[in-house]
Each structure stands twice: as C-alpha cells, then as structure tokens.
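*Asks:* Here it is, the structure, as structure tokens.
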Amino acid sequence: MSDHIEVDVLVAGAGACGLIAALRARELGARVAVLEKFDRFAGNTVLSCGSIPAAGTRMQREAGITDSVQSMVDDIERVSGRHDASGLIRPIVERSAELVEWLVDHCGAEVKLYTNYKHVGHSIPRLHTQPSGQGLELVNSLAAAAARDGIDIAFGNPVQSLIVDASGAVTGAHVGAGNETYTVSAGKTILATNGYGANRALLREFCPEIADAQYFGAPTAEGEAVQWGRAIGAAVGNTGAYQAHASVAYPHGELLTWSAAEKGACYVNRQGLRFGNENIGYSGFGALVMAQGNEAYAIYDSRIRDYVAHYQQTYKALVDMGGAREAASVSELAALTGIDPANLEKTLATYNQAARGEIADPFGRRDFGMAPLQPPFVVTRVGAALFHTQGGLMVDAGARVLRPGNAPIPNLFAGGGAAVGLSGLRGGNGYVSGNGLLTATVLGYVAGENCARELGY
Ligand SMILES: Cc1cc2nc3c(=O)[nH]c(=O)nc-3n(C[C@H](O)[C@H](O)[C@H](O)COP(=O)(O)OP(=O)(O)OC[C@H]3O[C@@H](n4cnc5c(N)ncnc54)[C@H](O)[C@@H]3O)c2cc1C
C-alpha cells in the first residue's frame, strides 16, 4: 500500500454509521474510503437486532399505522429527560423516515415493520428491522451496495490519530499499526468508530456504576473517537449514559428478548420476589437486576414462549438450546430453579391478580401483555449486561463535531456511538428502543450528505 492516499471523504469505521455515510457521500458523487480496524465486519451493528425507529414511513402507512415526528420526539423526550443533545432529537427524527426508505430504495436492504410489539418507550409501532431480526443482515445489504458503488472498505486498517492543520481544521488521519503506517489526506473525515463500551478506563471515568458489569457489545468499541476528539478540543456530552440490558440468559449468554416481558413475563429474584416494574424497559431494569446480585428469573408461560419464538429467530435459538425451561406447576417451577416456593406462589398470585385488574400492581406495572400467567410455566435465568455507551462527541444536526461553545471543528463529522446519544445525561433509564441505530443511521446519512455537499458535489 502507498504511504499516502488522497480522498474526498475518509470514513473511520464500517458499522451502520460508517457504511451509510460512505454510501450517501458516494451517491452524491464524492470519492470515499472506508477504513475498518478489524479484519471483517465486527461492530455492534453486526451484533444488534437491527431495529431502527422511524416516524411516518411508507411501511407504517401500508400497515395502517399513523405516526408523526411529534409523537416520536415526545416518546424519546419523555424517557430521556433534558440532556446535552436535546436539540438533536427533532432534526434526527425528521430524517428518520427518509433514511429507512432510502435503505430499501438505494441500498437494497429488506426492511419490515414490527407490528406485534410497540417496543420500550414507543407509543406506536415504529421499529423497522430485517426479516431475520439481525443487524448482520443490514450490514450485508450495506456491504453489497458499497461493492456495487465501487466503495473500497479497507479491513485491518485502524485509524490511529487525526491530522490537524495550523488553523485547527482536520485534513485526514494516520492509519495502520506498528511500522505499517500511512497517511490519508481527506477533504472531510467522518468518525464512525462507535463508543467506549469495551474501554474499562473510559467506563470508569464516565459511568463507573456499570464499569465492572458483563459487557455484551463488540470488543471493537474502544473509545477512539472520544479520545481523538478530546485531544483536539472537541466537546463531549451525555458521557454517563448507556444502554444496559436486564435479560442475558444464564449460562447460555444469549439475549432473552424483552418482548417476553412486554408479552407478560415478570421478573423475580432467588427469593421468589419481584423487584421492579418491568414496563420501564430492559435498559432501566438492568440496574435493578444488578442490585439482586445479577441473578434474576424471567417467569412466563408456554403461550408467551410460543408467540415470541414465532416472531424472533434469536429467541427461538435460545429455546432450542434449553434456555426456556417448562414447569407444569409453580411448585415444579420452584424445584427447577431453587427459588423459594412459598414466596413464588404468593408473588405469581399477586401478579396475576394485578394482570386481571383486580388490584393495582405493587410495582406500578400497567401493561401485562398476555398475562395472567397460566401453566405450563416457563422460566429463563438471566443477568444484566452493558450493551453500548450513549455519550460521545458533541455534534450539530448536520453531524459536525463541535467545540465547547458550539463552533464546528472544520471538516470533522461524527455519528452513531462515536457521537453524543439521545438517551439522557447518565445511567440506563433514558434509553428508548432503537436509540442506538437511530443516531447511527440518521447521523451517518446526514454526515455523508453534508461532506459531499460542502465539497461541492
Ligand atoms: C446485542 C445488541 C443488540 C442491539 N440491538 C439494537 C437494536 O435492535 N436497535 C438499535 O437501535 N440498537 C441496537 N444496539 C445498539 C447498536 O448496535 C449500536 O448503537 C449501533 O450499531 C452503533 O453503530 P455504529 O456504526 O456507531 O458502530 P459499530 O456498528 O460498532 O461500528 C463501528 C465500527 O468502527 C470500527 N472501528 C473502531 N475503532 C476504529 C478505528 N480506530 N479505526 C477504524 N475502525 C474502527 C469497529 O471495528 C466497527 O466495525 C444493540 C447493541 C447490542 C450490543
């Protein structure tokens, strides 16, 4: 490889954000290079369920669902509260429908709307995913579109640092490892390297309460964007926020989808006691599971198991590997798990009374899905985990990286996990389903577009 390369747009990272940014910039005419640290697609997008929230898509109209930008903004704000990037929510939501339709029309992705679940925080079905429910399928579609458009993805080429000229403008990057390094000069640089979920030192600095938890995301999320940005005077925001998940099946290490909770599962600890309102969602509930010694049991029934398995392949895989054990009665359920039988009997009786509307739920749960639960019961043992961080480089609605005071750093853009998220200032309670891919996809799209336009394409 030459020790110096020139492109219009350098994209660091080949996840949803980077691939979409590259495709959009190329579509408008720019010459693009994508540099990927790993030797294959290996970021969080690949691991994800690929669910992208969007308001007002044609898929929603075809399903007879009326949605609006205002409704989606309200849903995100209700859960996130005020935070460093509150001003980004509306402009991102405004481009979300265009983005999802572009994924189908320009990138050839297959996208379907989830109508069987509303998903955490959303008042209307607006999560769009791939037929398999796996982000890998989205990445494969984007990779095929990139090959079609002649976009090179240089695997095994980590960006090491940014090059900045005397005026403070970014002019490219140093790339490579060890003695094998070279420089890329670029008119515009887009940081799409995700967050710092795999960087324990940054986790300890920004969100210490989750720093020692099991990490369920990609090992590639090592926080380079935040480090490069801070080194050249970029502002960071919402750095204490993250998405946790309350429901990683133990010992299988597979996700027990929160759809089971939405459809009626309740969570108990080893003593057979519930310890929170499952309606707050998988991210906020994660801290509650941690507080039980990271050992909890999702209790549901065979109707819920079969319903969810019918729609979600990854959950079906968990069932197939024995991660959803069945019991004919509550006492059998207790014997199977070692949960205190008398408490479990009482807890489930109370839960079912609340589900039937006979009493108020002691934890404030209002939506019970298919509950009351009935035999045969099903149980999955779970623990909580950190999925991905939601803080990062402050950007404007055009994905331009900002200094404190909001002046953009010339030529530098960021999106996805590298940029500030929309999930509150700190903790896991502010995360609405799909916030991760919402900023990855829309900010990637906007970054690619603005890079091309600012370069005169
Ligand atoms: C199990 C799981 C399920 C999830 N499900 C969903 C979901 O359904 N919906 C949703 O909205 N969110 C979901 N998320 C979150 C979502 O996956 C992320 O928010 C999103 O994928 C981030 O996209 P990205 O492009 O920013 O990062 P990534 O997809 O991680 O891509 C970043 C890329 O940058 C590369 N990179 C890193 N450093 C460098 C460097 N120095 N030089 C070059 N390349 C570099 C990495 O190797 C990686 O390929 C889930 C997360 C997990 C862990």
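*Asks:* Just name the residue that is farthest from residue 253 (Cα to Cα) out of those in region 318-328 that are surrounded by 14 or more Cβ atoms within 10 Å (Cβ to Cβ) and under 32 Å from the mean Cα position of the chain (by Cα).
*Replies:* Here the answer is 326.
*Asks:* Out of region 154-170, which residues are in a strand (DSSP E or B) and within 10 Å of the ligand (Cβ to nearest atom)?
*Replies:* Within region 154-170, 154, 159, 160, 161 meet the criteria.
*Asks:* Something else: Count, please, the residues in region 231-255 that happen to be away from the ligand (no atom under 12 Å from the Cβ) and farther than 18 Å from residue 416 by Cβ.
*Replies:* 9
*Asks:* Based on this model, can you work out whether residue 322 counts as under 30 Å from residue 205 (Cβ atoms) and part of a loop (DSSP other than H, G, I, E, B)?
*Replies:* no
*Asks:* Filter region 197-210 down to the residues that are farther than 27 Å from residue 409 by Cβ and outside any helix (DSSP H, G or I) and list them by number.
*Replies:* none
*Asks:* So, one more: Would you mention how many residues in region 219-228 are among the polar types (S, T, N, Q) and near the ligand (Cβ under 9 Å from one of its atoms)?
*Replies:* Residues meeting the conditions: 1.
*Asks:* Next up: Looking for whichever is among the small types (Gly, Ala, Ser), at pLDDT 95 or above and either over 30 Å from residue 406 (Cβ atoms) or in a loop (DSSP other than H, G, I, E, B) (or both) here; the options are 213, 261, 241, 225. Which one fits?
*Replies:* Going through 213, 261, 241, 225 in turn, just one is among the small types (Gly, Ala, Ser), at pLDDT 95 or above and either over 30 Å from residue 406 (Cβ atoms) or in a loop (DSSP other than H, G, I, E, B) (or both): 261.
*Asks:* Within region 294-305, track down each residue that is part of a helix (DSSP H, G or I) and either in contact with a Leu (Cβ under 6 Å, 6 or more places away or on another chain) or open to solvent by less than 10 Å² (accessible area, probe 1.4 Å) (or both).
*Replies:* Of everything in region 294-305, just one residue is part of a helix (DSSP H, G or I) and either in contact with a Leu (Cβ under 6 Å, 6 or more places away or on another chain) or open to solvent by less than 10 Å² (accessible area, probe 1.4 Å) (or both), namely 304.
*Asks:* Then there is this: Given the residues 168, 172, which is the only one that is touching a residue at least 12 places away in the same chain (Cβ under 8 Å) and buried (at least 16 other Cβ atoms within 10 Å of the Cβ)?
*Replies:* 172
*Asks:* Also, quick follow-up: Condition first: in a loop (DSSP other than H, G, I, E, B), out of contact with any Phe, Trp or Tyr (no Cβ under 8 Å at 6 or more places or on another chain) and more than 9 Å from the ligand (Cβ to nearest atom). Now tell me which residues in region 412-431 satisfy that.
*Replies:* Residues satisfying the conditions are 420, 422, 425, 429, 430.
*Asks:* Right, here's the next one. Exactly one condition in (1) surrounded by 18 or more Cβ atoms within 10 Å (Cβ to Cβ); (2) in contact (Cβ under 8 Å) with a residue 60 or more places away in the chain is false for residue 340; which is it?
*Replies:* Answer for residue 340: the failing condition is (1).
*Asks:* A further question on this structure: Which condition breaks for residue 274 when tested against (1) closer than 23 Å to residue 127 by Cβ; (2) basic (Lys, Arg); (3) in contact with a Ser or Thr (Cβ under 7 Å, 6 or more places away or on another chain)?
*Replies:* (1) is the only condition that residue 274 fails.
*Asks:* Let me ask something additional. For region 197-218, enumerate the residues that are within 12 Å of the ligand (Cβ to nearest atom) and touching a residue at least 40 places away in the same chain (Cβ under 8 Å).
*Replies:* Hits for region 197-218 are 197, 214, 215, 216, 217, 218.
*Asks:* Restricting to region 266-293, name every residue that is touching a Phe, Trp or Tyr at 6+ places or on another chain (Cβ under 9 Å) and part of a loop (DSSP other than H, G, I, E, B).
*Replies:* 269, 270, 272, 275, 276, 277, 281, 292
*Asks:* Pick out, from region 1-66, the helices (runs of 4 or more DSSP H) lying fully within it that include 2 or more residues that are within 15 Å of the ligand (Cβ to nearest atom) and not small (Gly, Ala, Ser).
*Replies:* The qualifying helices (runs of 4 or more DSSP H) are 16-27, 44-47.
*Asks:* Looking at region 153-174, can you tell me whether even one residue there is farther than 26 Å from residue 231 by Cα and modelled with pLDDT of 95 or more?
*Replies:* Taking every residue of region 153-174 in turn, at least one turns out to be farther than 26 Å from residue 231 by Cα and modelled with pLDDT of 95 or more.
*Asks:* Okay, moving on. Residues in region 68-91: is at least one part of a loop (DSSP other than H, G, I, E, B), near the ligand (Cβ under 9 Å from one of its atoms) and open to solvent by 50 Å² or more (accessible area, probe 1.4 Å)?
*Replies:* No.
*Asks:* Moving to a separate point now. State which residue is farthest from the ligand (Cβ to nearest atom) when the search covers only region 177-196 and only residues that are surrounded by fewer than 18 Cβ atoms within 10 Å (Cβ to Cβ) and part of a strand (DSSP E or B).
*Replies:* Looking at residues that are surrounded by fewer than 18 Cβ atoms within 10 Å (Cβ to Cβ) and part of a strand (DSSP E or B), I get 185.
To keep it simple, each residue is scored yes or no on (1) farther than 16 Å from residue 272 by Cβ; (2) of a type in the set (Gly, Ala, Ser); (3) open to solvent by less than 70 Å² (accessible area, probe 1.4 Å).
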site	(1), (2), (3)
330	no, no, yes
333	no, no, yes
346	no, no, no
363	no, no, no
370	yes, no, yes
374	yes, no, no
379	no, no, yes
397	yes, yes, yes
402	yes, no, yes
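The values are calculated or read from the model by the stated rules, or taken from the named source; none is laboratory data. Everything numeric in this text was worked out from a predicted model, so none of it was measured. In this analysis, Cβ positions are derived from the backbone assuming ideal geometry, glycine residues included, and neighbour counts consider all displayed protein chains. Only protein heavy atoms, including side chains, enter the accessible area calculation; ligands, DNA and RNA are left aside. Shrake-Rupley method; radii C 1.70, N 1.55, O 1.52, S 1.80 Å.
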